[in-house]
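*Asks:* Sharing a structure below in structure tokens format, with a few things to ask.
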Amino acid sequence: MILKSLRSRRPLALVAAVALAATGLAACGGDADSGTTAKSDPNATIRALLAAQPATLDPIVGARSAQIVWATIIEPLITTDDKLAPTKNGLITDWSRTDNTTWTFKVRPGISFSNGEKADAAAVANTLTLTRDAAASQLKSYFTNVATIEATDDTTVTVKTKTPQYNIADLLTTVYLVPPAYYKEKGSEGFAAAPIGTGPYVWGGSNAGRDISVKKNPDYWGENKATNGGITFTWANEAAQRLALIQSKSVDISFDLPPAQASAAKKAGIEVVSTETAMKIIAFLDSTKAPFNDPKLREAAALAIDRDAIVKGIFDGQAVADAGLLNVKPGEKPAKSVTADPNKAKELVGSSAPAVQIHYPAAQYTNIEEVSQAVGGALEKAGFKVSYVPIDYGTLVKRVVGRQVPGISIFAGVPNVAVPDFFASGFLKTKSITGNCPDPQLDELTAKALEQSDAAAAAPMYEQLNTIGVVDKHCYVPLYRQIFNYATANNTKGVVFGPLNTVDFTKTTR
């Protein structure tokens, strides 16, 4: 049934791609045969092709893989610089730590949402409260230590924590501001159907299952005003389609090209940009259910999986093997890690032939099906009996959050905030997104790390957490960081892709 339902979705992606192709050539601003070079059009619509349809455009409940779309409309409370450090250039312009458990944030005055609602301190406090309290909030586990959130005047928000927490300002870089009245009126699904924000673009409409459009916001408050007329997002699950559409000039940007398609695009004279990202593909082993409630079998699985072989064999070296969980920035490495040992893995499994399911989000990440098959193949060689459960990303997230995924789930960890706690609180704690490795020691150490004065003081504790979760308990098998490839048409310039899988389209022209 799962495979059948996946096949039924693929034509939707193809329809979306073909629909765009049918209109795309006419939308180009110049004659390909005239021998002239067309000037960039400030009113042009940029045609961006994604690998998958966003599961939701509600930033309260949505996974950050969809922020490539919603972040054009909705802005984070705090912006970051090139080194991923918080800046004071955004909606929040300053902050201070009054005492160990009190933070005061200053909100930029005079900002409104595109529907006219005030984007003031009350709106900030409401968004933070939703983030902490909404049942389906993606960031809920990061705000459990927040005791009170109060707008003390139009431009001031005070956040009090139960115990000291050094990274509150960092966390606000991944909280996106939503309009209180509109969000309450529409609810999550209604908001996602037509999101409202303060950003450089406004909602332009959608065709269900086919495309999503945003338009330039003429009243945008910030300096980074859009230099184009808007963006139309469509999607194609198959990498071959994404390559074909950029080759045919039916799209301006084609995201997420696997190595083979990226190489083919380069050979065809198409510009390809490759960026090592902070997105890390991880295999999560559920220690609360069979077979991985047996520590010996978790160790066997961790030793069976050879991340270096996956990077070499599937990505031809165009990914970065990464054996750590809490090393969140590109280039960082853990102090201790697990090295593949297939023989020992087979010895630990013995003749028991334990059954294990591998859940993965079909078409969500580059070569994810091949990666999942490689993981399964390694487990089979060790003596496991493997079955595969490919499902759409949104369903997988719901099942993970609902503790409904036995065996292994493979998906990406994206440290939206470039501090180790983002993965520690997101994955390691008992009350976390995954909750796959409940352990009071992990809970206590995660809390203790947050109580330190700053990230440097907490660093040794995060090394210890990584060692416990990855090396000792084998609840997590980090695989690799993705090298993200995207192609742009020859007349398309100014796409800015960041290591946290963010995209700034405001300076994109064609």
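*Asks:* Filter the stretch 168-192 for residues that are exposed (fewer than 15 other Cβ atoms within 10 Å of the Cβ) and modelled with pLDDT under 95 and give the result.
*Replies:* None; the set is empty.
*Asks:* Going by what's in this entry, would T155 be described as farther than 20 Å from G62 by Cα, open to solvent by 30 Å² or more (accessible area, probe 1.4 Å) and in contact with an Asp or Glu (Cβ under 8 Å, 6 or more places away or on another chain)? Lay out the reasoning, then the answer.
*Replies:* On the way: farther than 20 Å from G62 by Cα: yes; open to solvent by 30 Å² or more (accessible area, probe 1.4 Å): yes; in contact with an Asp or Glu (Cβ under 8 Å, 6 or more places away or on another chain): yes.
Considered against the rule, which asks whether it is farther than 20 Å from G62 by Cα, open to solvent by 30 Å² or more (accessible area, probe 1.4 Å) and in contact with an Asp or Glu (Cβ under 8 Å, 6 or more places away or on another chain), T155 comes out as yes.
*Asks:* For residues that are of a type in the set (A, V, I, L, M, F, W, C), in contact with a helix residue (DSSP H, G or I) (Cβ under 8 Å, 6 or more places away or on another chain), under 27 Å from A63 (Cβ atoms) and open to solvent by 10 Å² or more (accessible area, probe 1.4 Å), tally how many sit in the stretch 256-282.
*Replies:* 2
*Asks:* Can you run down the residue pairs with Cβ atoms below 6 Å, 6 or more apart or on separate chains, where the first is in the stretch 306-322 and closer than 17 Å to V273 by Cα and the partner is open to solvent by less than 20 Å² (accessible area, probe 1.4 Å) and hydrophobic (A, V, I, L, M, F, W, C)?
*Replies:* Qualifying pairs under 6 Å: A319/V311.
*Asks:* So, one more: Working carefully through the options A353, A345, find the one that is open to solvent by less than 30 Å² (accessible area, probe 1.4 Å), more than 27 Å from the chain's Cα centre (by Cα), over 19 Å from Y480 (Cα atoms) and among the aliphatic types (A, V, I, L, M). Walk me through it before giving the result.
*Replies:* Numbers: A353 fails: open to solvent by less than 30 Å² (accessible area, probe 1.4 Å).
The unique qualifying residue is A345.
*Asks:* On to the next question. Do the conditions hold for D472, that is, is it open to solvent by 10 Å² or more (accessible area, probe 1.4 Å), under 23 Å from A300 (Cα atoms) and either at pLDDT 95 or above or not aliphatic (A, V, I, L, M) (or both)? It would help to see each step written out before you state the result.
*Replies:* On the way: open to solvent by 10 Å² or more (accessible area, probe 1.4 Å): yes; under 23 Å from A300 (Cα atoms): yes; either at pLDDT 95 or above or not aliphatic (A, V, I, L, M) (or both): yes.
Answer is yes for this residue.
*Asks:* Turning to a different aspect of this structure: Return the residues of the stretch 136-167 that are part of a helix (DSSP H, G or I) and either more than 22 Å from N416 (Cα to Cα) or at pLDDT 95 or above (or both); say none if nothing qualifies. Spell out how you get there, then give the answer.
*Replies:* First, pick out the residues of the stretch 136-167 that are part of a helix (DSSP H, G or I): 140-143.
The answer is none; no residue qualifies.
*Asks:* On to the next question. I'd like to verify a number: residues in the stretch 127-149 that are surrounded by 14 or more Cβ atoms within 10 Å (Cβ to Cβ) and either over 21 Å from the mean Cα position of the chain (by Cα) or not aliphatic (A, V, I, L, M) (or both), how many? Spell out the reasoning first.
*Replies:* Start the filter on the stretch 127-149 by keeping residues that are surrounded by 14 or more Cβ atoms within 10 Å (Cβ to Cβ), which leaves 127-132, 134, 136-146, 149.
Subset that is either over 21 Å from the mean Cα position of the chain (by Cα) or not aliphatic (A, V, I, L, M) (or both): 127, 129, 131-132, 137-138, 140-146, 149.
The total comes to 14.
*Asks:* If I filter the stretch 387-407 for residues that are assigned to a strand (DSSP E or B), hydrophobic (A, V, I, L, M, F, W, C) and modelled with pLDDT of 90 or more, do I get at least one hit?
*Replies:* Initial filter on the stretch 387-407 (assigned to a strand (DSSP E or B)): 387-391.
This time we only want the ones that are hydrophobic (A, V, I, L, M, F, W, C), so: 389, 391.
Add one more test, that the residue is modelled with pLDDT of 90 or more, and what stays is 389, 391.
Yes, there is a match, as at least one residue in the stretch 387-407 is assigned to a strand (DSSP E or B), hydrophobic (A, V, I, L, M, F, W, C) and modelled with pLDDT of 90 or more.
*Asks:* Let me ask something else. So, A323, is that one at negative phi, open to solvent by 10 Å² or more (accessible area, probe 1.4 Å), in a loop (DSSP other than H, G, I, E, B) and in contact with a Leu (Cβ under 7 Å, 6 or more places away or on another chain) or not? I'd like the intermediate steps shown before the answer.
*Replies:* Working: at negative phi: yes; open to solvent by 10 Å² or more (accessible area, probe 1.4 Å): yes; in a loop (DSSP other than H, G, I, E, B): yes; in contact with a Leu (Cβ under 7 Å, 6 or more places away or on another chain): no.
Against the criterion (at negative phi, open to solvent by 10 Å² or more (accessible area, probe 1.4 Å), in a loop (DSSP other than H, G, I, E, B) and in contact with a Leu (Cβ under 7 Å, 6 or more places away or on another chain)), A323 does not qualify.
*Asks:* Please enumerate the residues belonging to the stretch 69-96 that are modelled with pLDDT of 95 or more and aliphatic (A, V, I, L, M).
*Replies:* The answer is V69, A71, I73, I74, L77, I78, L91, I92.
*Asks:* Hey, another quick one. Would you pick out the residues in the stretch 377-389 that are within 23 Å of Q482 (Cβ to Cβ) and open to solvent by 10 Å² or more (accessible area, probe 1.4 Å)? Even if it seems obvious, please write down each step before you answer.
*Replies:* Step one: filter the stretch 377-389 for residues within 23 Å of Q482 (Cβ to Cβ), giving 377-379, 388-389.
The answer is G377, A378, Y388, V389.
*Asks:* Still on this structure, I have one more. Hey, can you tell me all the residues within the stretch 431-469 that are at pLDDT 95 or above, assigned to a loop (DSSP other than H, G, I, E, B) and polar (S, T, N, Q)?
*Replies:* N436
*Asks:* Moving on to the next point. Can you name the residue in the stretch 422-455 that is among the small types (G, A, S) and under 25 Å from the mean Cα position of the chain (by Cα) and is also surrounded by the fewest Cβ atoms within 10 Å (Cβ to Cβ) among such residues? Walk me through it before giving the result.
*Replies:* Of all residues in the stretch 422-455, those among the small types (G, A, S) come to 424-426, 432, 435, 447, 449, 453, 455.
Okay, now just the ones that are also under 25 Å from the mean Cα position of the chain (by Cα), so 424-426, 432, 435, 447, 449, 455.
Numbers: A424: 28, S425: 28, G426: 20, S432: 23, G435: 20, A447: 19, A449: 26, A455: 16.
Only one residue tops the list, namely A455.
*Asks:* Shifting gears a bit: Would you point out which residue out of P200, P218 is of a type outside the set (A, V, I, L, M) and surrounded by fewer than 21 Cβ atoms within 10 Å (Cβ to Cβ)? Give the derivation first.
*Replies:* Values: P200 fails: surrounded by fewer than 21 Cβ atoms within 10 Å (Cβ to Cβ).
Sole residue among the options that is of a type outside the set (A, V, I, L, M) and surrounded by fewer than 21 Cβ atoms within 10 Å (Cβ to Cβ): P218.
*Asks:* Continuing with this model, one more query. What's the total number of residues in the stretch 283-303 that are aliphatic (A, V, I, L, M) and open to solvent by 10 Å² or more (accessible area, probe 1.4 Å)? Outline the logic, then answer.
*Replies:* Step one: of the stretch 283-303, the residues aliphatic (A, V, I, L, M) are 283, 285, 290, 297, 300-303.
Okay, now just the ones that are also open to solvent by 10 Å² or more (accessible area, probe 1.4 Å), so 290, 297, 303.
Going through the stretch 283-303 one residue at a time, the tally reaches 3.
*Asks:* Name the residues in the stretch 237-255 that are in a loop (DSSP other than H, G, I, E, B) and open to solvent by less than 10 Å² (accessible area, probe 1.4 Å), would you?
*Replies:* S250, V251, D252, F255
The values are calculated or read from the model by the stated rules, or taken from the named source; none is laboratory data. This is a predicted model, so every value here is computed, not measured. Glycine also receives a Cβ, built like all others from the backbone with ideal geometry; neighbour counts cover every protein chain displayed. Heavy atoms of the whole protein, side chains included, go into the accessibility calculation; ligands, DNA and RNA do not. Shrake-Rupley method; radii C 1.70, N 1.55, O 1.52, S 1.80 Å.
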